[in-house]
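Have a look at this one before I ask anything.
The values are calculated or read from the model by the stated rules, or taken from the named source; none is laboratory data. All values reported here derive from a predicted model rather than from experimental measurement. Note that each Cβ is placed from the backbone with ideal geometry, even for glycine, and that neighbours are counted across all protein chains shown. Accessible surface areas use protein heavy atoms only, side chains included; no ligands, DNA or RNA. Shrake-Rupley method; radii C 1.70, N 1.55, O 1.52, S 1.80 Å.
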Amino acid sequence: MEGYNVLYPIGFDAFGLPAENYAIKNHVHPKITTENNINHFREQLQALGFSFDWSREINTTDPEYYKWTQWIFIQLYKKGLAYKATMPINFCTGCKVGLANEEVVNGVCERCGSPVVQKEKSQWMLKITEYAQRLIDDLKDIDFLDKIKAQQTNWIGRSEGAEVNFKLTAAGEELDSNLLIYTTRPDTMFGATYMVVAPEHNLIEKYADKITNLDEVKAYKEKAALKSDFERAELNKEKTGVEIKGIKAINPFTEEEIPVWISDYVLITYGTGAIMAVPAHDDRDFEFATKMGLEIKQVIKSKDGANDELPFTDVDNGISINSGFLTGLDSKDAIEKAISYVEENKLGTRKVNYKLRDWVFSRQRYWGEPIPMVYCEDCGWNPIPESELPLVLPDIENYEPGENGESPLAKQTEWIKTKCPCCGKDAKRETDTMPQWAGSSWYFLRYMDAHNDKEFASKEALDYWSPIDWYNGGMEHTTLHLLYSRFWHKFLYDIGAVPTKEPYQKRTSHGMILGTNGEKMSKSKGNVINPDDIVNEFGADTFRVYEMFMGPFDQTAPWSMESIRGCGKFLDRVWNMQEILVDGDEYSKEHEKMMHKAIKKVTSDIEEMKFNTSVAEFMKMTNEFYKDKVINKAEYKTFLQLLNPFAPHMTEELFSILGEEKTINETPWPVYDETKTIDDEIEIPVQLNGKVKAVVLVAKDASEEEVKAVVAANESVQKAIDGKTVVKEIYVKGRIYNIVVK
RNA sequence: GCAGAUGUGGCGGAACUGGCAGACGCACAGGACUUAAAAUCCUGCGGGACCUAAAUCCCGUGCCGGUUCGAUUCCGGCCAUCUGCACCA
């Protein structure tokens, strides 16, 4: 209505675990249930009157769509950003199948209750870590809500520090390799009294012959492997560990010999999988050292000397002590100096680390895009020729998870058999599929050119529409999906396939609608509100107006069956205004000001997504028209145009009853005249020491003297200041008049 | 524990840049219409001080303090709730 060409698309991201598990449970092929669900969703969305461009509808499970998902994977592979690595998967010891994280509940299989353990498996990985810094840096150029930016930044988790080598010895002899650790606090090096390696660390295999208590160490390692991620990550868990006897490390700053331990509080997936422990200045190390009776050496004290209870971890308020050349330095300076020392003496290097890990891109599942890779005994892994895309997911009968954590596709012997794209010899297809995030990592690009069978989207279409001006979605997607799609987009930008660095210019989020009991809607709680029922009972317009009215757009709000009736009543009143309708080509004198003010308010409210106050404005106007028992045609038309985005069906019907030829959405959005929104007379509250005692009416451009005179003449004011001394009088033009008295 | 958000009547929520706290709606109460009910329309509706009413006054935006002529709004410190992440060295 404001003259922009707006692309408002819709589509269905339909691969993934929920669809697959539903299919398994009900013995219906996921293809069928997916199709049924999409049809149902489409009907529901249409019943609500959304103005989606249905000609661009997409479905990520359509081979014509996932052809391009596979194509992007091949490009990633060609640029070295997709690689195979051995990663642990959740493995159910009962069902003998691999499980997704959400299928593991309290360390046991959701279905059979058997313990879940970690099993090593070769998987496809995507190198999102290569983009970590750019994913942080480029946030500054885009308009995301601050809380969304903060979540992205925290998730990527950049930290600065150093990697430092600790020499190892066995029976006093120096070993041929060092133990590399990562630390963000090199200033605490003098306080490192022991070291810890993760259970998976290769130190144990490498120096097995030097370890005098190898059986004990190996037993600990095996026990740790049996624990699920959940158990290992559980907070307040007692720390456990075993000293690796026979091997010692040398603290490079103190030259002292310190013990080396193995414990699962150190993670193989972060940093180098080994740490130097500084129990005096790290909570976890402190807990471990206290339990194991290890030395705790304080090397930082607080500036004010007040709080020296250990562990003392405040970087901003610390000074090094007992730390050789660092002693006396501020913690921040000490960190810098320690890193310089490390680099000068070739002990290690400055290093930035990220919490973000590479993306595990394989799923041992049926309902996903087949990974278009082939393994040949001679040539290794190679992508299938792009001319063979899409690699269609075979239509199979038995899509239950495979044995020993294999994909269900591993049973499809005919499908697996193929020729090597390099040498032509017999070769095997990859049987893992892509995760549910794959299709949604680029879908926005497909909307720009949804039916292109030559490319994922033409350059012209991409240039015309890119980037997405405004992306609204739930907060639950602000880390994974949002980050993955930014990563893919940046990759596509790097290979020249898209014109912008970032996919989305602006990202907002909506609040969740809770059940009537104030809890998240869920089937098990029985508090689900079905939109079909609401539309049947109250109509789509009432439904929409209520959703907008119930609270601020970005905040959660509980559903109320009582409150929605109020919105229905409001729309009835709008309809019945026909009974007080009179002719008129212009706004009437008595309503003119209200009309201009309302256009201004609703226009800015929509821009700021303050839909709830827009609806309040409509209700206020309606009350006003009924109070005056009259509305003219010009006023009614503008009112219907303003209300149209909220209640499209009824307003269009009324518009045509008024004899209009065009539909409302073909008419331009109403405009207002700023000068006509200003009142001639304004009310000025008069305060006495900040408390309102009276309200006076003055002309809109009244001078301070004039206002002062009116205030002085006011009876209530006179009464209030009677017997008191006026100290000061403050007038804020057009706002307030405050008298300070003693 | 870390990060982010939120706290205002019986309820959902308004309140611009620090300027009349409670817009608008729900619920509730009283009245009109009706044989009656529903629907609709009108009126009232933060708490307290007076038996009632008007008028008036006092208190009041999670708690304690500060800045200011003036604070729901700004600052400091707490408390509670929600969401996400969680042994990240």
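Being on the phi > 0 side of the Ramachandran plot and open to solvent by 40 Å² or more (accessible area, probe 1.4 Å) is the requirement here; does A:Gly3 meet it?
Yes: the conditions hold for A:Gly3.
Mind checking which residues of segment A:410-431 are open to solvent by less than 80 Å² (accessible area, probe 1.4 Å) and at pLDDT below 90?
A:Ala410, A:Gln412
Further, regarding this structure: Does A:Glu666 meet the test of being more than 10 Å from RNA strand B (Cβ to nearest atom), within 42 Å of the chain's Cα centre (by Cα), of a type outside the set (Gly, Ala, Ser) and open to solvent by 30 Å² or more (accessible area, probe 1.4 Å)?
yes
Another question about this same structure. Based on this model, can you work out whether A:Glu343 counts as touching a Ser or Thr at 6+ places or on another chain (Cβ under 9 Å), in a helix (DSSP H, G or I) and at pLDDT 90 or above?
Here the answer is yes, as A:Glu343 does meet what is asked.
For segment A:684-701, give me each residue that is modelled with pLDDT of 80 or more and more than 22 Å from A:Val741 (Cβ to Cβ).
A:Leu697, A:Ala699
A further question follows. Considering only segment A:586-607, I want to know if a residue exists there that is under 22 Å from A:Glu661 (Cα atoms), open to solvent by 10 Å² or more (accessible area, probe 1.4 Å) and not aliphatic (A, V, I, L, M).
Scanning segment A:586-607, I find at least one residue that is under 22 Å from A:Glu661 (Cα atoms), open to solvent by 10 Å² or more (accessible area, probe 1.4 Å) and not aliphatic (A, V, I, L, M), so the answer is yes.
If you check every pair at least six apart or on different chains, which have Cβ atoms under 9 Å apart with a residue in segment A:548-563 that is more than 15 Å from A:Met512 (Cβ to Cβ) first and a residue that is near RNA strand B (Cβ under 7 Å from one of its atoms) and aromatic (Phe, Trp, Tyr) second?
Close Cβ pairs (under 9 Å, with a partner that is near RNA strand B (Cβ under 7 Å from one of its atoms) and aromatic (Phe, Trp, Tyr)) amount to A:Phe549/A:Phe570; A:Ser563/A:Phe549.
If you don't mind, there's one more thing I want to ask. Which residue, of A:Thr193, A:Thr188, A:Thr184, is open to solvent by 50 Å² or more (accessible area, probe 1.4 Å), within 16 Å of RNA strand B (Cβ to nearest atom) and under 30 Å from A:Asp314 (Cα atoms)?
Result of the check over A:Thr193, A:Thr188, A:Thr184: A:Thr184.
Can you give me the number of residues within segment A:618-650 that are buried (at least 17 other Cβ atoms within 10 Å of the Cβ) and near RNA strand B (Cβ under 9 Å from one of its atoms)?
3
Being more than 30 Å from A:Gly246 (Cβ to Cβ) and either more than 15 Å from RNA strand B (Cβ to nearest atom) or open to solvent by 90 Å² or more (accessible area, probe 1.4 Å) (or both) is the filter here, so list the residues in segment A:148-179 that pass it.
Those that are more than 30 Å from A:Gly246 (Cβ to Cβ) and either more than 15 Å from RNA strand B (Cβ to nearest atom) or open to solvent by 90 Å² or more (accessible area, probe 1.4 Å) (or both): A:Asn154, A:Trp155, A:Arg158, A:Glu160.
When segment A:315-332 is examined, which residues are found to be surrounded by fewer than 17 Cβ atoms within 10 Å (Cβ to Cβ) and either under 20 Å from A:Asp283 (Cβ atoms) or over 38 Å from the mean Cα position of the chain (by Cα) (or both)?
Matches in segment A:315-332: A:Val315, A:Asp316, A:Asn317, A:Ile321, A:Asn322, A:Gly324, A:Phe325, A:Thr327, A:Gly328.
For segment A:375-384, enumerate the residues that are touching a residue at least 12 places away in the same chain (Cβ under 8 Å) and more than 35 Å from the chain's Cα centre (by Cα).
Residues satisfying the conditions are A:Tyr375, A:Cys376, A:Glu377, A:Asp378, A:Cys379.
Moving to a separate point now. Which one of these is in contact with a Lys or Arg (Cβ under 8 Å, 6 or more places away or on another chain) and within 13 Å of RNA strand B (Cβ to nearest atom): A:Glu704, A:Glu729, A:Glu715?
Unique residue meeting the criteria: A:Glu729.
Here's something else I'd like to know. Would segment A:713-720 turn up any residue that is at pLDDT below 80 and small (Gly, Ala, Ser)?
The answer is yes, given that some residue of segment A:713-720 is at pLDDT below 80 and small (Gly, Ala, Ser).
A further question follows. Could you tell me how many of the residues in segment A:683-697 are open to solvent by less than 40 Å² (accessible area, probe 1.4 Å) and more than 6 Å from RNA strand B (Cβ to nearest atom)?
5
Among the residues that make up segment A:448-467, is at least one of them of a type in the set (Phe, Trp, Tyr), at pLDDT below 95, more than 16 Å from RNA strand B (Cβ to nearest atom) and within 22 Å of A:Leu7 (Cα to Cα)?
No: segment A:448-467 contains no residue that is of a type in the set (Phe, Trp, Tyr), at pLDDT below 95, more than 16 Å from RNA strand B (Cβ to nearest atom) and within 22 Å of A:Leu7 (Cα to Cα).
Which of the following residues is open to solvent by less than 70 Å² (accessible area, probe 1.4 Å) and touching an Asp or Glu at 6+ places or on another chain (Cβ under 6 Å): A:Ile300, A:Ile296, A:Ile335, A:Ile339?
Of A:Ile300, A:Ile296, A:Ile335, A:Ile339, the one residue that is open to solvent by less than 70 Å² (accessible area, probe 1.4 Å) and touching an Asp or Glu at 6+ places or on another chain (Cβ under 6 Å) is A:Ile335.
Table: residues versus (1) modelled with pLDDT of 95 or more; (2) closer than 21 Å to A:Pro668 by Cα; (3) away from RNA strand B (no atom under 14 Å from the Cβ).
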site: A:Lys520; (1), (2), (3): no, no, no
site: A:Lys523; (1), (2), (3): no, no, yes
site: A:Phe549; (1), (2), (3): no, no, no
site: A:Phe553; (1), (2), (3): no, no, no
site: A:Ala557; (1), (2), (3): no, no, no
site: A:Ser563; (1), (2), (3): no, no, no
site: A:Glu579; (1), (2), (3): no, no, no
site: A:Val582; (1), (2), (3): no, no, yes
site: A:Asp605; (1), (2), (3): no, yes, no
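Are any residues in segment A:471-510 of a type in the set (A, V, I, L, M), open to solvent by less than 20 Å² (accessible area, probe 1.4 Å) and away from RNA strand B (no atom under 16 Å from the Cβ), and if so, which ones?
Selection gives A:Leu492, A:Val498.
Take the residues of segment A:196-212 that are open to solvent by less than 30 Å² (accessible area, probe 1.4 Å) and either of a type in the set (Asp, Glu) or under 36 Å from the mean Cα position of the chain (by Cα) (or both): which is nearest to A:Glu287 (Cα to Cα)?
Only one residue tops the list, namely A:Val196.
I'm trying to understand the selection: among the residues of segment A:149-206, which are assigned to a helix (DSSP H, G or I) and farther than 16 Å from A:Met276 by Cα?
A:Lys149, A:Ala150, A:Gln151, A:Gln152, A:Thr153, A:Asn154, A:Trp155, A:Ile156, A:Ile204, A:Glu205, A:Lys206
With respect to A:Lys25, is the statement that it is open to solvent by 70 Å² or more (accessible area, probe 1.4 Å), out of contact with any Lys or Arg (no Cβ under 8 Å at 6 or more places or on another chain), touching a residue at least 24 places away in the same chain (Cβ under 8 Å) and not in a loop (DSSP other than H, G, I, E, B) true?
Here the answer is no, as A:Lys25 does not meet what is asked.
Are there any pairs, at least 6 apart or on different chains, whose C-beta atoms fall under 8 Å, with the first in segment A:607-633 and farther than 30 Å from A:Trp470 by Cα and the second near RNA strand B (Cβ under 9 Å from one of its atoms), and if so, which?
Between residues of segment A:607-633 that are farther than 30 Å from A:Trp470 by Cα and residues that are near RNA strand B (Cβ under 9 Å from one of its atoms), the close pairs are A:Thr622/A:Phe570; A:Thr622/A:Arg573; A:Tyr626/A:Arg573.
Just wondering, is there one or more residues in segment A:538-555 that are buried (at least 20 other Cβ atoms within 10 Å of the Cβ), touching a helix residue (DSSP H, G or I) at 6+ places or on another chain (Cβ under 7 Å) and among the charged types (D, E, K, R)?
Yes; the residues of segment A:538-555 include at least one that is buried (at least 20 other Cβ atoms within 10 Å of the Cβ), touching a helix residue (DSSP H, G or I) at 6+ places or on another chain (Cβ under 7 Å) and among the charged types (D, E, K, R).
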